[in-house]
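The values are calculated or read from the model by the stated rules, or taken from the named source; none is laboratory data. The structure presented is a predicted model; accordingly, all values stated were derived computationally and were not measured. FYI the Cβ positions are ideal-geometry reconstructions off the backbone, even for glycines, and counts take in every protein chain you see.
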Amino acid sequence: MSVRSHFYWSVRRELWEHRSIFFVPLAVAGVALVGFLLHLGKTSGLAALDPAKRAVAIAMPYSMLASVILLSSFIVGLFVALDALHAERRDRSVLFWKSMPVSDMTTVLAKAFVPFAVVPAVAFVVALAAQCFMLAASLPVLPVQGAELNLGQMTVVMAYGLAIHALWFAPIYAYLLLVSAWAPRAPLLWAVVPIVALAAAEKIALDSAFVLYVVRYRFMGAMSEGFAPNALKGPITQLSQLEPAHFFASPNLWLGLALAAACLYAAVRLRRYREPN
Amino acid sequence: MACIEAIGVRKAYGATVAVDAVDLRLEEGRILGLIGPNGAGKTTLLNAILGLTPCEGSLKVVGRDPWSERDQLMRDVCFIADVAVLPRWLKVSQALDYVAGVHPKFDRAKAEGFLARTTIPRKSKIGKLSKGMVTQLHLALVMAIDARLLVLDEPTLGLDILFRKQFYDALLNDYFDRSRSILVTTHQVEEIQDVLTDLAFINRGKIVLGCTMDEFESRYTEVVVAPDALAAARALGPIHERQVLGRSILLFDRADRARLAVLGEVRAPGIADLFVALMGGA
């Protein structure tokens, strides 16, 4: 009975508890697909467009569908992280979990693994399946040429986007886990209010907006660090628009990961030292 | 080897001392009842024994330091910390899967066997079960773990008497043996008097009485004294006196039973009565 099986079952336990990890991307994909089917009826004008514009117009729904699924699962990840170490204290089930020979380290890492890796992986599978469905549904109406829609390349772009966002968002998830380990109640308030207060204090004292800039950069930065500057304007279809070297050279990536590690370490300590009841 | 060996265990929260200079020893194959009023330090002491909180002094549980070796400790020590702490969203079958997955000493077939005797539906979520059923489930999980020490903190609080009786019957008949030990705290003392082999009273963080049940029975005597013998009985120095339905019941510590027999009906006291006598203050 190894650490690996402890980790495996701790992750499974998270998935049993947070079924929104599966339901939310599936529901969003369902709604988006209905929208796409309605949109298919109005694609007759596409043939008249010149080839370059048509390629963009064809790729757009695929890209948007992936984006909206990824965005929704990112939000799910935030709530899962915020709930992870708080719910078990609220319902006192922590007393049950702690009666099992699973270390606090394993538990916290499993809880971090869910938003960090499982949620993006689920989003990836759901988005890919939805895109395949879109392709199958649109072929009779809109015979697309291979050159106009390179689904293989889009899949690589999506996987890359998910991977860099997981790394970039790691400190956000770790911060929320720390808050959920610490907050006496209402972890959402405890996560948000200090940042708002800090931003307000900065605005009043210095008339600057550095805190807001940092927050905004942490949420949006993966796009500007990991993709070419032109990538933000339309659907990303070219592998040349990916800039992994630039992304991994960004000191803010590593700063964020170091912060994430520190937050997780603090969360482990809190879970270990806080007496139940 | 002693299952629990505490010497001078102390735990303070700021200026408040919750557990103070506690010496406690639990041998293998014994069932110890830890009895104390609310706020006496019971839960703090149990938390120290279970490695949930650090403490001062020397504490060994199944030969390990519970705080620094907590993860290994939990392979040999089980606990039910309270009634209904199983998470409500977990299904019964998932609870079995999880414990089977993480606990090296869990015997799934055994747990299934215990559950088969109950009416707990396997596919239900725990939130849908009655409080009694949740306790049955927790007990089934815990009894299927081949642990050396089982710690129960108010395991039957709020359950009806049938469930309480079943709980201790199952514990004695299907779980307890000479190689295992049980530590239990409860307010329903009368119900576990026959279950215990050892007894400890805790008050204001200190152990005020620690003895085996055999010692308890030979040391303490209760006499229902007739009114005309009351003065003579009081002269023998009872540690407590109470009135029940107009009769005086006097509790004696290490008294000569032959002399007491002359004064009235001699009988063994209940733990609860001794508890009141020692803790009641007035």
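Checking B:A231 against (1) in a loop (DSSP other than H, G, I, E, B); (2) surrounded by fewer than 19 Cβ atoms within 10 Å (Cβ to Cβ), which test does it fail?
(1)
Is there a residue being acidic (D, E), away from chain A (no Cβ under 11 Å), under 18 Å from B:L149 (Cα atoms) and surrounded by fewer than 17 Cβ atoms within 10 Å (Cβ to Cβ) anywhere in the range B:34-57?
No, every residue in the range B:34-57 fails to be acidic (D, E), away from chain A (no Cβ under 11 Å), under 18 Å from B:L149 (Cα atoms) and surrounded by fewer than 17 Cβ atoms within 10 Å (Cβ to Cβ).
Looking at the range B:132-153, which of its residues are charged (D, E, K, R) and surrounded by 18 or more Cβ atoms within 10 Å (Cβ to Cβ)?
B:R148, B:D153
Would you confirm whether or not the range B:18-25 contains a residue that is crowded, with 23+ Cβ neighbours inside 10 Å, within 14 Å of chain A (Cβ to nearest Cβ) and touching a strand residue (DSSP E or B) at 6+ places or on another chain (Cβ under 6 Å)?
Yes, some residue in the range B:18-25 is crowded, with 23+ Cβ neighbours inside 10 Å, within 14 Å of chain A (Cβ to nearest Cβ) and touching a strand residue (DSSP E or B) at 6+ places or on another chain (Cβ under 6 Å).
Output yes when any residue across the range A:96-114 is touching a Lys or Arg at 6+ places or on another chain (Cβ under 6 Å) and away from chain B (no Cβ under 14 Å), and no when none is.
The answer is no; no qualifying residue exists.
Tell me, which residue of the range A:1-12 that is in a helix (DSSP H, G or I) and more than 9 Å from chain B (Cβ to nearest Cβ) is modelled with the lowest pLDDT?
Once the filter is applied, the top-ranked residue is A:V3.
Might you let me know whether the range B:207-218 holds any residue that is in a loop (DSSP other than H, G, I, E, B) and either within 22 Å of B:L149 (Cβ to Cβ) or of a type in the set (S, T, Y) (or both)?
no
Checking the structure you have, find out if any residue of the range B:202-215 is under 21 Å from B:G132 (Cα atoms), at pLDDT 90 or above, among the hydrophobic types (A, V, I, L, M, F, W, C) and crowded, with 19+ Cβ neighbours inside 10 Å.
Within the range B:202-215 (the criterion being under 21 Å from B:G132 (Cα atoms), at pLDDT 90 or above, among the hydrophobic types (A, V, I, L, M, F, W, C) and crowded, with 19+ Cβ neighbours inside 10 Å), the answer is no, since none of the residues qualifies.
I'd like to verify a number: residues in the range A:218-277 that are within 14 Å of chain B (Cβ to nearest Cβ) and either within 18 Å of A:A112 (Cβ to Cβ) or not acidic (D, E) (or both), how many?
Adding up the residues that qualify gives 9.
Pick from B:A229, B:A147: which is in contact (Cβ under 8 Å) with a residue 24 or more places away in the chain and under 25 Å from B:L26 (Cβ atoms)?
B:A147
Given the criterion acidic (D, E), in contact with a strand residue (DSSP E or B) (Cβ under 8 Å, 6 or more places away or on another chain) and surrounded by 13 or more Cβ atoms within 10 Å (Cβ to Cβ), identify the matching residue among A:E225, A:E243, A:E275.
Of A:E225, A:E243, A:E275, the one residue that is acidic (D, E), in contact with a strand residue (DSSP E or B) (Cβ under 8 Å, 6 or more places away or on another chain) and surrounded by 13 or more Cβ atoms within 10 Å (Cβ to Cβ) is A:E243.
Given the criteria crowded, with 16+ Cβ neighbours inside 10 Å and either in a helix (DSSP H, G or I) or of a type in the set (K, R) (or both), does B:A255 qualify?
No.
Do any helices (runs of 4 or more DSSP H) entirely within the range A:132-247 hold 1 or more residues that are of a type outside the set (K, R), touching a Gly at 6+ places or on another chain (Cβ under 9 Å) and within 23 Å of A:V122 (Cβ to Cβ), and if so, which?
A:151-182, A:210-226
Pull up the range A:78-95, narrow it to residues that are under 23 Å from A:R4 (Cα atoms) and under 27 Å from the mean Cα position of the chain (by Cα), then point me to the one that is farthest from the other protein chains (Cβ to nearest Cβ).
Restricting to residues being under 23 Å from A:R4 (Cα atoms) and under 27 Å from the mean Cα position of the chain (by Cα), the top hit is A:A81.
At least 3 residues that are surrounded by fewer than 18 Cβ atoms within 10 Å (Cβ to Cβ) in each: list the helices (runs of 4 or more DSSP H) lying fully within the range A:13-116 that qualify.
The qualifying helices (runs of 4 or more DSSP H) are A:20-40, A:51-90.
What are the residues in the range B:102-131 that are at the interface with another protein chain (Cβ under 7 Å from one of its Cβ atoms) and surrounded by fewer than 19 Cβ atoms within 10 Å (Cβ to Cβ), if any?
B:P104 - this is the single residue of the range B:102-131 that is at the interface with another protein chain (Cβ under 7 Å from one of its Cβ atoms) and surrounded by fewer than 19 Cβ atoms within 10 Å (Cβ to Cβ).
For the range B:78-101: of the residues being more than 8 Å from every other protein chain (Cβ to nearest Cβ) and modelled with pLDDT under 95, which is nearest to the chain's Cα centre (by Cα)?
Among them, the one singled out is B:V83.
As an exercise: evaluate B:L162 against (1) under 22 Å from B:G113 (Cα atoms); (2) away from every other protein chain (no Cβ under 14 Å); (3) at pLDDT 90 or above and give the number of the one condition it does not meet.
It is condition (3) that B:L162 fails.
With respect to B:V224, is the statement that it is surrounded by fewer than 21 Cβ atoms within 10 Å (Cβ to Cβ) and in a strand (DSSP E or B) true?
yes
For the range B:173-205, which positions are in contact (Cβ under 8 Å) with a residue 60 or more places away in the chain and closer than 14 Å to B:L274 by Cα?
Of everything in the range B:173-205, those that are in contact (Cβ under 8 Å) with a residue 60 or more places away in the chain and closer than 14 Å to B:L274 by Cα turn out to be B:V189, B:E190, B:Q193, B:L199, B:A200, B:F201, B:I202, B:N203.
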